[in-house]
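The values are calculated or read from the model by the stated rules, or taken from the named source; none is laboratory data. Quick caveat: nothing in here was measured; it's all calculated off a predicted structure. Cβ placement follows ideal geometry from the backbone for every residue including glycine, while neighbour counts extend to all protein chains displayed. All accessible areas refer to the heavy atoms of the entire protein, side chains included, with ligands and DNA or RNA removed. Shrake-Rupley method; radii C 1.70, N 1.55, O 1.52, S 1.80 Å.
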Amino acid sequence: MRGREDEWTGLMRSAMAGDDAAYHRLLKAVTPVLRAAARRGLARAGQPPDQAEDIVQEILLAVHLKRHTWDSEAPFAPWLFAIGRNKLIDTLRRRGRRIFVDIDDFAETLPGEMPEETASAAEVAAQLGTLPQRQRDVLQSIAVEAASIKDTAAKFSMSEGAVRVALHRGLAALTAKLRDH
């Protein structure tokens, strides 16, 4: 391993000095190692290895674009593997940890849905009337009229952020009032 790392470091130093053949040899030498590492990383994360080639390409592209950041006095392998690790993590984050389970396998053990407590329309309307005007207007627009946040913001000359804040505060206040009532 040490000999290989020294070879890679030498090739990268030559590549940085303008030797295109050394750069090509370096990329050709590291690709199978990166592919195996990507497959292992995907397997450890419980993911199928079908994304390994994409990860390898992302690593090689990052090496190419960021090679100016490599310290020529430092060994090349740790720098390369740090990029590889980060690209693997990025891929796993994008993919997410999705575990698919057939619901039919658990249908017998799932509890039935609990009936939700609901307030009557009259109760909601009465409590809605006690909210500050802006919160009431935003709730009316979004919840009753099914307007978007963008449309509601334009309608009331508010920023979208202000609409979200008013909506959140209005819903929280309305929920508390209906819970207490």
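When you scan the range 96-104, do you find a residue that is assigned to a helix (DSSP H, G or I) and in contact (Cβ under 8 Å) with a residue 40 or more places away in the chain, even just one?
Pass one, the range 96-104, residues assigned to a helix (DSSP H, G or I): 103-104.
If we keep only those that are in contact (Cβ under 8 Å) with a residue 40 or more places away in the chain too, we end up with none.
No: zero hits.
Given the criteria closer than 20 Å to PRO75 by Cα and open to solvent by 40 Å² or more (accessible area, probe 1.4 Å), does ASP50 qualify? Lay out the reasoning, then the answer.
On the way: closer than 20 Å to PRO75 by Cα: no; open to solvent by 40 Å² or more (accessible area, probe 1.4 Å): yes.
Spelling it out, it is not the case that ASP50 is closer than 20 Å to PRO75 by Cα and open to solvent by 40 Å² or more (accessible area, probe 1.4 Å).
For the range 37-53, which positions are without any contact (Cβ under 8 Å) to a residue 24 or more places away in the chain and among the hydrophobic types (A, V, I, L, M, F, W, C)? Lay out the reasoning, then the answer.
First pass over the range 37-53, keeping only residues without any contact (Cβ under 8 Å) to a residue 24 or more places away in the chain: 39-40, 43-44, 48-50, 52-53.
Scanning the range 37-53 gives ALA43, ALA52.
I'd like to know if the range 75-89 contains one or more residues that are modelled with pLDDT of 85 or more, within 22 Å of ALA43 (Cα to Cα), open to solvent by 80 Å² or more (accessible area, probe 1.4 Å) and part of a helix (DSSP H, G or I).
So far as the range 75-89 goes, yes, one or more of its residues are modelled with pLDDT of 85 or more, within 22 Å of ALA43 (Cα to Cα), open to solvent by 80 Å² or more (accessible area, probe 1.4 Å) and part of a helix (DSSP H, G or I).
Quick test of your reading of the structure: THR109 fulfils all but one of (1) part of a loop (DSSP other than H, G, I, E, B); (2) at pLDDT 75 or above; (3) among the polar types (S, T, N, Q). Name the failing condition by number.
(2)
Being of a type in the set (Gly, Ala, Ser) and without any contact (Cβ under 8 Å) to a residue 40 or more places away in the chain is the filter here, so list the residues in the range 1-36 that pass it.
The first filter runs over the range 1-36 and keeps only residues of a type in the set (Gly, Ala, Ser), leaving 3, 10, 14-15, 17-18, 21-22, 29, 36.
Residues satisfying the conditions are GLY3, GLY10, SER14, ALA17, GLY18, ALA21, ALA22, ALA29, ALA36.
Give me the residue from the range 121-132 that is at pLDDT 85 or above and within 37 Å of the chain's Cα centre (by Cα) and, out of that set, surrounded by the fewest Cβ atoms within 10 Å (Cβ to Cβ).
Among those that are at pLDDT 85 or above and within 37 Å of the chain's Cα centre (by Cα), it is PRO132.
Report, ordered by the first and then the second residue, all pairs with beta carbons closer than 9 Å, sequence separation of six or more or different chains, a first member in the range 160-181 that is over 16 Å from ALA147 (Cα atoms) and in contact (Cβ under 8 Å) with a residue 40 or more places away in the chain, and a second member that is part of a helix (DSSP H, G or I) and of a type in the set (Val, Ile, Thr).
LEU174/VAL124; LEU178/VAL124
Return the total of residues in the range 7-16 being under 16 Å from LEU65 (Cα atoms) and either open to solvent by 90 Å² or more (accessible area, probe 1.4 Å) or touching a Ser or Thr at 6+ places or on another chain (Cβ under 7 Å) (or both).
Looking only at the range 7-16, we keep the residues that are under 16 Å from LEU65 (Cα atoms), and these are 12-13, 15-16.
Checking which are either open to solvent by 90 Å² or more (accessible area, probe 1.4 Å) or touching a Ser or Thr at 6+ places or on another chain (Cβ under 7 Å) (or both) leaves us with 13, 16.
Residues that pass the stated criteria total 2.
List the residue pairs whose Cβ atoms are under 7 Å apart, where the first residue sits in the range 54-75 and is touching a residue at least 60 places away in the same chain (Cβ under 8 Å), the second is not polar (S, T, N, Q), and the two are 6 or more positions apart or on different chains.
Going by the 7 Å Cβ cut-off, the qualifying pairs are SER72/ARG13; SER72/MET16; PRO75/GLU5.
Of everything in the range 138-165, what is in contact with an Asp or Glu (Cβ under 8 Å, 6 or more places away or on another chain) and closer than 20 Å to GLN127 by Cβ? Give them in sequence order. Break it down stepwise before answering.
From the range 138-165, those in contact with an Asp or Glu (Cβ under 8 Å, 6 or more places away or on another chain) are 141, 149-150, 153, 156; that's our starting set.
Within the range 138-165, just SER141 meets the criteria.
Search the range 17-42 for residues being touching a helix residue (DSSP H, G or I) at 6+ places or on another chain (Cβ under 6 Å) and open to solvent by 70 Å² or more (accessible area, probe 1.4 Å), and hand back the single one that is modelled with the highest pLDDT.
ARG25
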